[in-house]
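Nothing in this text is a laboratory measurement; each read-out follows from the coordinates by a stated rule. Since the model is a prediction, treat every value here as computed from it, not as a measurement. Backbone-built Cβ (ideal geometry, glycine too); neighbour counts: all protein chains shown.
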Amino acid sequence: MKQSNQPRRSDQPHTSDQPHNLDLPHSSNLRTRSKRRLRALAATGAVLTAAASAVVGGAGPAGAAIHQCSISGDRTNCAYVTGIDAGSHLAVRTGPSYGAAKSPVFGQYHNGDQLGLICWTTGDPDADGNGYRYWMRVDNGIGDGYVNDWYLDTGGPGTWKSQIPQC
């Protein structure tokens with residue numbers, strides 16, 4: 001049987017002596033579609049990674065993490081004050097309670113101020129009503145006191161419990 005140079009129509013059955021006509025789109029269209037799919041998958045992956053990081057990290061009040069700093073020349077774990085309303089300040093207490101006196105060796109702390117972290121304990125819930133009861137004993141190089149961890153960028157107990165000892 002003589003082979004035809006004509007492409008096979010889709011309604012004709014394929015026989016071994018007929019050329020294959022797979023009706024594939026032009027190869028540049030395939031590359032363009034593949035690139036689009038890869039970009040879409042990459043964007044989806046980035047969104048899913050960010051969402052998973054927020055969930056897995058157990059982002060507490062601030063969602064950041066503790067860092068190393070120097071307090072009076074000594075390296076220690078530190079955190080920044082965060083979540084304080086404009087015109088307000090964070091007061092350091094002598095105990096893990098809002099009824100405890102303000103510590104006389106600390107001034108007023110605002111968002112972005114840094115405090116050294118000594119240890120953690122539990123006490124009164126945060127002043128914003130979230131029920132967060134973790135407090136950090138903090139150091140400023142002169143003395144120590146307590147602040148509710150809700151107002152520090154420690155990342156929450158899932159992050160800091162392995163790095164900061166319990167008081």
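Key figures
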item	result
Taking Leu152, Leu90 and counting other C-beta atoms within 10 Å, the order from fewest to most	Leu90, Leu152
Modelled FRET efficiency - R0 41 Å, Arg133 with Ser70, Cβ distances, 0.05 increments	0.85
Rounded, prolate or oblate (a/c below 1.5 giving rounded, otherwise prolate when a/b exceeds b/c) for the stretch 67-160 by Cα gyration tensor	rounded
